[in-house]
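Scroll down for the structure; my scribbles are underneath it.
The values are calculated or read from the model by the stated rules, or taken from the named source; none is laboratory data. Keep in mind the model is a prediction, meaning the values are calculated, not measured. Because the Cβ atoms are built from the backbone with ideal geometry, glycine has one as well, and the counts that use them run over all protein chains shown.
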Amino acid sequence: MSHTPGQGNDGDVVTSNIAERLQLIKQLVNDSAQQSGRDPATVRLVAVSKRKPISLIREAYQAGQRDFGENYSQELLNKAEQLADLADIRWHHIGHLQRNKVKGIIGSAQLLHAVDREALVHELDKRGQTLGVSSEVLLQINLAGEQSKSGCPPEQLSALLDLACSCEGLRVIGLMAIPPATKRPEDARPYFRQLRMLREAHGGAERLPELSMGMSQDFAIAIEEGATIVRVGSAIFGPRE
Ligand SMILES: *Cc1c(COP(=O)(O)O)cnc(C)c1O
């Protein structure tokens, strides 16, 4: 990210520019939305706080941020507990979700971004029904067939979607993808487009209103291609160790 506002003296505390960075990212989100003829209010910014301390999350919250993303179930639960005083904070589980973590996570996360297989759908349904909740989920798609990544293969989406839609314990509201890493943001565009086309082929925006795609490097491109949720970490919180 070439934008690093608020660069201070060496003596500045590390946390001093979170609010400025957030404001900048929000501005860029709004600009991309407007440039592509979309209402900026249709794009939600999730601040990815994985491996970042509670103090920085509080700082972002104080700057008005409400949606936060975490990859690891236990880290999300720990942070949610430590930040329980922030009543309207919303947690997004954006990483691979293990079946044995479902029970703990469904009451704590507002949206599960990475539901990608039948066994997980069954578990979410079972636990959801027991607790009397219907979790909102996104189905994660492995667009490029990368072995290193989880996600449902595009050709299996239809079956997974039909199964999930038949379950009372969860509600599918869209699709999510993490495209292969690309050198230039522009190179991610075909993948974002592919996710949007996949949505078109499976009921369109009426059935699947949300598209979670785009990260620090390429969220502007993702918005141009229809992202309704962008997941931005390092551009807000700085690089991760
Ligand atoms: C870490 C992560 C992000 C944020 O990545 P940045 O490049 O730091 O913005 C977004 N989505 C997922 C699934 C991640 O794991």
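Residues in segment 23-60 that are out of contact with any strand residue (DSSP E or B) (no Cβ under 7 Å at 6 or more places or on another chain) and either buried (at least 18 other Cβ atoms within 10 Å of the Cβ) or modelled with pLDDT under 95 (or both): L24, L28, S32, A33, K52, E59. Does segment 130-140 contain at least one residue that is among the hydroxyl-bearing types (S, T, Y), part of a loop (DSSP other than H, G, I, E, B) and modelled with pLDDT of 95 or more? Yes: one or more hits. Checked against (1) free of Cβ contacts under 8 Å to residues at least 12 places away in the same chain; (2) hydrophobic (A, V, I, L, M, F, W, C); (3) within 21 Å of I105 (Cα to Cα), A201 passes all but condition (3).
Residues in segment 32-69 that are without any contact (Cβ under 8 Å) to a residue 40 or more places away in the chain and in a helix (DSSP H, G or I) were compared, and the one that is farthest from the chain's Cα centre (by Cα) is Q34. When E210 is tested against the conditions (1) closer than 21 Å to V121 by Cα; (2) more than 16 Å from the ligand (Cβ to nearest atom); (3) touching a residue at least 12 places away in the same chain (Cβ under 8 Å), the lone failure is (2).
So if I check each of I236, I178, which one is under 16 Å from A144 (Cβ atoms) and either at pLDDT 95 or above or among the aliphatic types (A, V, I, L, M) (or both)?
Values: I236 fails: under 16 Å from A144 (Cβ atoms).
Answer to the selection: I178.
Is it the case that segment 178-187 has a residue that's within 14 Å of the chain's Cα centre (by Cα) and within 13 Å of the ligand (Cβ to nearest atom)? Within segment 178-187, one or more residues are within 14 Å of the chain's Cα centre (by Cα) and within 13 Å of the ligand (Cβ to nearest atom).
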